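Take a look at the structure below.
The values are calculated or read from the model by the stated rules, or taken from the named source; none is laboratory data. Given the structure is predicted, the values throughout are model-derived calculations rather than measurements. Ideal geometry is used to build each Cβ from the backbone, glycine not excepted, and the neighbour counts take in all protein chains shown. Just the protein is used for accessible areas: all its heavy atoms, side chains included, with ligands, DNA and RNA removed. Shrake-Rupley method; radii C 1.70, N 1.55, O 1.52, S 1.80 Å.
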Amino acid sequence: LGEKSDGTLNGTLNGTLNKREQLSLNKIIDTPGINAKELSLTIDIPLDTIKKYLRKLIEMKLIERRGSRKTGGYWVISETKTENNNTN
């Protein structure tokens, strides 16, 4: 309980996300275009909580929302992570 780790699943977050936020991000990585309701049902986290996590992930520029309100979903912003990890 309460342990912080510098080695998160994708290595770039350095402990800035909690386990459930990281789980949400991983699900978006695995399922590009997933919407908030599907994400909530898939990982069994309340929808309001998922929406809070999504806002945080968007603010951190890790994900983006694409599409309309009704049919849109969330995608990882891979260009940002690639630029941060691989300086050419």
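Here are the numbers:
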quantity	calculated
Test: residue in the stretch 65-84 that is at pLDDT 95 or above and in a helix (DSSP H, G or I)	no
Of all residues in the stretch 20-59 being closer than 17 Å to Ser78 by Cβ and of a type in the set (Ser, Thr, Tyr), the one that is least open to solvent (accessible area, probe 1.4 Å)	Ser24
Number of the condition not met by Leu62 [criteria: (1) open to solvent by 70 Å² or more (accessible area, probe 1.4 Å); (2) modelled with pLDDT of 95 or more]	(1)
Hey, Leu17 modelled with pLDDT under 95, surrounded by 11 or more Cβ atoms within 10 Å (Cβ to Cβ) and under 11 Å from the mean Cα position of the chain (by Cα) or not	yes
